[in-house]
1. Starting from the Cα of Thr7, move 7 Å in the Cα-to-Cβ direction to define the label point; list residues of the stretch 35-51 whose amide nitrogen is under 12 Å from there.
2. Whole Å is fine, so just give me how far the alpha carbon centre of the stretch 95-140 lies from that of the stretch 50-85.
3. If you stretched the chain out fully between Arg118 and Lys135, how much longer would it get, using 0.36 nm times the residue separation minus the C-alpha to C-alpha distance?
4. Please name which of Val20, His48, Trp3 has its Cα lying farthest along the dipole of the stretch 1-93 towards the positive end, using unit charges on Cβ (Lys, Arg +1; Asp, Glu -1) and the Cα centre as origin.
5. What's the ranking of 49-60, 10-21, 109-120 by average number of surrounding C-beta atoms within 10 Å, highest first?
6. Explain nothing, just the number: dipole magnitude of the chain about its Cα centre with +1 on each Lys and Arg Cβ and -1 on each Asp and Glu Cβ, in debye rounded to the nearest 20.
7. At 222 nm, what helix-only mean residue ellipticity would the chain give, in deg cm²/dmol to the nearest 500, using -39500 (n - 2.57) for each DSSP H run of four or more?
8. How many percent of all Cα-Cα pairs in the chain sit more than 27 Å apart?
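Rule-based calculations on the coordinates, nothing more; no lab input. Values in this document were obtained by computation on a predicted structure and should not be read as measured data. Reconstructed Cβ throughout: ideal geometry from the backbone, glycine too, with neighbour counts over all protein chains shown.
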Amino acid sequence: MLWISETIHIADWELTESFVRSSGPGGQNVNKVSTAVELRFEAARSPHLTDAVKARLRKIAGRKWTLEGALIVQVEDTRYQARNREIARERLAEMIRAALIAPKRRIATKPTLGSQRRRIAAKIQRGEVKSLRGKVGDEE
């Protein structure tokens, strides 16, 4: 069981771990031991997450979200399988915690009267500069 917060936890049946051979450092050990972890979380079928949280999680996950509604976290940071498992579970928990926070609604505001006047004054000033760029006439 993976605890996300005091009220939300992920059951073991929602998580699937598979171990594959890792690329990168490790010498001959890389060719013998499957240390990389692929953690699969069935997010779309999870009863512990609301629809709004699932939608935010899908946006946060990006390419890690599959068509079946699963979230896949791959970790091959260290040479040790146990440490990679911990890192994968922590990354999943962080993504879910980020999805739990609902974004604040933006309140549309009008520009202040002073900023409107400054904008118009700047436009007038710029127009005057451009109008002075005309052809120079004969002064006779």
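1. 49-50
2. 41 Å
3. Details: separation 17, 0.36 × 17 = 6.12 nm, distance 2.95 nm.
So the chain would gain 3.2 nm between Arg118 and Lys135.
4. Farthest towards the positive end: Val20.
5. Working: 49-60: 15.6, 10-21: 13.7, 109-120: 9.4.
Going by the mean number of other Cβ atoms within 10 Å, highest first, we get 49-60, 10-21, 109-120.
6. Numbers: 28 positive and 17 negative charges, 157 e Å.
Result for the chain is approximately 760 debye, rounded to the nearest 20.
7. Values: 4 runs with 54 residues, N = 140.
Computed mean residue ellipticity for the chain: -12500 deg cm²/dmol.
8. Details: 4845 of 9730 pairs.
That tail contains 50 percent of the Cα-Cα pairs.
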